[in-house]
Amino acid sequence: MPPAAPPAVPSPHPLPRLLRYGAAHRPAVAWAVTASVLNKLLDLAPPALIGMAVDAVVLGEQSLLGRMGVVDGFQQVLVITALTVVIWVLESVFEYAYGVAWRNLAQQVQHELRLDAYGHLQRLDSAWFQGRSTGGLLAVMNDDVNQLERFLDGGANELLQVATTVLVVTGSYVLLSPGVAGLSLLPIPLILWGSFRFQATIAPRYARVRERNAALSATLANNLGGIETIKSFSTEAAEVDHVRALSEDYRQANRAAISLSSAFSPLIRMAVMVGFVGTLVYGGWQALEGQIAVGSYSVFLFLTQRLLWPLTRLGSTFDLYQRAMASTTRILDLLDTPITVRDGTVPLPHPRGEVRFHGVAFAYPEGRQVLRAFDLDVPAGATVAVVGPTGAGKSTLVRLLLRLHDVSGGSITLDGHDLRELRLADLRGAIALVSQSPFLFPGSVRENIAYGSPGATLDQVRQAARDAEADTFVQALPQGYDTVVGERGQKLSGGQAQRLAIARALLKGAPILVLDEATSAVDNETEAAIQQSLARLHAAHRKTMIIIAHRLSTIRHADHIVVMDQGEVVQAGRHEELVARGGLYARLWAVQTGERAGGPP
Ligand code: ATP
């Protein structure tokens, strides 16, 4: 499936959407447009000055300046020279102005779009990410944003200047000689028709290029993440073939776009030639017949060049425009993706940590029912364990508690408030999670433990590490707490990474601690030590603890144990009661302690 989100509603044209998005920059856009147009107007003046100079020399008193009172031919030349200097200086000033204006605008817009897209992405429901790949999303936030930046950098000015040229030159022609004007302008409808046909045909080809690019980026990102798996299964050659196939798709998509975009300029050039030859012949004849002034004839020839040649660049500018619009659509579609997990309004500044699941039902998008009528009471300060076979829905409970997804039936409350009413920052601030696969950021051990507690001192970090049984191994690392852990913590063992994650959660100091298979990768001895620390902390701070574990020795001392199977509570009680009662828990316990089980686990 394509990595970027399909728009929820059919997208209107991207340009008005982009203008609406960038409404705050209207004054900057207006200034950039003004500078571009003024620069072009000044740039078009020299042909008129040349015509005036020719007239001054050929016609003398009969020239335009002569009729305005500057009788002497040489004085006319001096006036024209002064005008030329002023015009060229102003042209340079506006060239500088539009260059700075457009490029700064491009920088501003790309910066804002990237931040907005990333900010929005962070707020999207976890389910939304499932159909997307990291590489595809990266392509939107990098390549697509850069594409728009490139258009604003140069293409927008180019389009404006071509439009100004067409309007000014057409106006001048009509004033000078409508007959010659007709011939010079003859190819313009053809050029415009060709440009728009080109635009319509090339757009889907560029969209395909973008899609292929996203698919390629996605695969590269996945493969880099799974490089060890690739090596261990010796699938390097197959992966190279996979990347080759995608890269080939990308190349072919580009070929289709290139063949069309390259044909544009040569074809348009032929149309330009018709206009120029027409002006040359018919204008020359009129000048020889005395129907137009020699100066006007030279103005015509220069202006025809000025008019028609820029039109040949329309192809590449439309090219840039199309690419930018394809990219804009993808970025704005991402920004328009609705946020389903909405923030609540109720503040909870001092949470006690009482959690209740009432008849909770939940299914992942396009998935089967994971939870059905699930009930669980976790009083503030209690330690509750959730156990059950793999796939029973234990981690799903945690995701729902953090509102990474919303329940589809029933409700979850914290201190009596439905989670959906609470401010998300308060809800998540009340919970410290150690997840099944903790994520470490590239940075030092200290930074990783203090992630989420930016003001923590080194002493506080070390205390958390001691409580998580991490201090000893951290001290033994080459740079102690300043040791860099590598991307995703790859320089650490699984058990070491888990202990850092526990230290991070402890440092957060939240009233609810959720441990989801938090010690699955540490040895029994270390796990026992961590448990003792947690018991000590629990006795001191009365935190609410929700512990999910497969290893039942981890949770046997919990106040309350809930046994889940297929999304439902099948047993509940304390360890001794559950072992004595028989059933799923007793079977699991028997298997783990090596005793003979009463039936299949
Ligand atoms: P384990 O003990 O293996 O960690 P668990 O009890 O924590 O398992 P969950 O991770 O909650 O189980 O998953 C419960 C069910 O939901 C499983 O059948 C799983 O296939 C499904 N599931 C989990 N995550 C997703 C997801 N993101 N999208 C679709 N289905 C999912």
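The values are calculated or read from the model by the stated rules, or taken from the named source; none is laboratory data. Model, not experiment: these values are computed from the prediction. Positions of Cβ are generated from backbone atoms using ideal geometry, with glycine treated the same way; all protein chains shown enter the neighbour counts. Ligands, DNA and RNA are stripped out before the accessible areas are found, and what is left, the full protein with its side chains, is counted by its heavy atoms. Shrake-Rupley method; radii C 1.70, N 1.55, O 1.52, S 1.80 Å.
Miscellaneous remarks
- Count of residues meeting criterion [in a helix (DSSP H, G or I) and basic (Lys, Arg)] in segment 393-413: 2
- Which numbered condition residue 404 misses (of (1) more than 18 Å from residue 345 (Cα to Cα); (2) within 16 Å of the ligand (Cβ to nearest atom)): (1)
- Any hit, segment 530-545, residues being more than 16 Å from the ligand (Cβ to nearest atom), among the basic types (Lys, Arg) and over 30 Å from residue 370 (Cβ atoms): yes
- Condition check for residue 212: in a helix (DSSP H, G or I) and open to solvent by 80 Å² or more (accessible area, probe 1.4 Å): no
- The set of residues from segment 271-289 being at pLDDT below 85 and either touching a His at 6+ places or on another chain (Cβ under 7 Å) or surrounded by fewer than 14 Cβ atoms within 10 Å (Cβ to Cβ) (or both) comprises just one member, 273.
- Among the criteria (1) under 29 Å from residue 544 (Cβ atoms); (2) open to solvent by 60 Å² or more (accessible area, probe 1.4 Å), the one residue 430 does not fulfil is (2).
- In the set 409, 452, only one residue is farther than 19 Å from residue 356 by Cβ, without any contact (Cβ under 8 Å) to a residue 60 or more places away in the chain and not charged (D, E, K, R); that residue is 452.
- Some residue of segment 537-549 being among the aliphatic types (A, V, I, L, M) and over 20 Å from residue 379 (Cα atoms): no
- The residues of segment 156-193 include none that are farther than 14 Å from residue 311 by Cα, open to solvent by 40 Å² or more (accessible area, probe 1.4 Å) and not in a helix (DSSP H, G or I).
- For residue 512, the test of being within 16 Å of the ligand (Cβ to nearest atom) and closer than 28 Å to residue 426 by Cβ is failed.
- Cβ-Cβ under 6 Å pairs, at least 6 apart or on other chains, segment 510-527 side in contact (Cβ under 8 Å) with a residue 60 or more places away in the chain and under 17 Å from residue 543 (Cα atoms), far side within 16 Å of the ligand (Cβ to nearest atom) and among the hydrophobic types (A, V, I, L, M, F, W, C): 514/398; 514/433; 514/546; 515/434; 515/547; 516/398; 516/548; 518/434
- Complete set of residues in segment 362-402 that are open to solvent by less than 20 Å² (accessible area, probe 1.4 Å) and of a type outside the set (A, V, I, L, M, F, W, C): 381, 383, 388, 393, 394, 396
- Residue 410 touching a helix residue (DSSP H, G or I) at 6+ places or on another chain (Cβ under 9 Å) and either away from the ligand (no atom under 13 Å from the Cβ) or among the charged types (D, E, K, R) (or both): no
- Any hit, segment 293-301, residues being open to solvent by 30 Å² or more (accessible area, probe 1.4 Å) and more than 56 Å from the chain's Cα centre (by Cα): yes
- Counted residues, segment 537-556 - those being touching a residue at least 40 places away in the same chain (Cβ under 8 Å) and either within 18 Å of residue 463 (Cβ to Cβ) or in the same structural domain as residue 456 (by TED's automatic domain parsing) (or both): 3
- Selection count where residues are buried (at least 20 other Cβ atoms within 10 Å of the Cβ) and within 9 Å of residue 94 (Cβ to Cβ), scope segment 33-60: 4
- The condition (being at pLDDT 90 or above, in the same structural domain as residue 137 (by TED's automatic domain parsing) and in a helix (DSSP H, G or I)) is satisfied by just one residue among 247, 262, 217: 247.
- Verdict on residue 556 being surrounded by 14 or more Cβ atoms within 10 Å (Cβ to Cβ), more than 24 Å from residue 437 (Cα to Cα) and among the basic types (Lys, Arg): no
- Of all residues in segment 146-155, none satisfies being buried (at least 18 other Cβ atoms within 10 Å of the Cβ), closer than 22 Å to residue 340 by Cα and at pLDDT 90 or above.
- Residue check: residue 573 meets all listed conditions (1) open to solvent by 10 Å² or more (accessible area, probe 1.4 Å); (2) at pLDDT 90 or above; (3) more than 16 Å from the ligand (Cβ to nearest atom); (4) over 42 Å from the mean Cα position of the chain (by Cα) but one, namely (1).
- Segment 388-401, residues that are more than 6 Å from the ligand (Cβ to nearest atom) and of a type in the set (Val, Ile, Thr): 398
- Only listed residue being modelled with pLDDT of 95 or more and out of contact with any Ser or Thr (no Cβ under 7 Å at 6 or more places or on another chain), chosen from 440, 401, 424: 401
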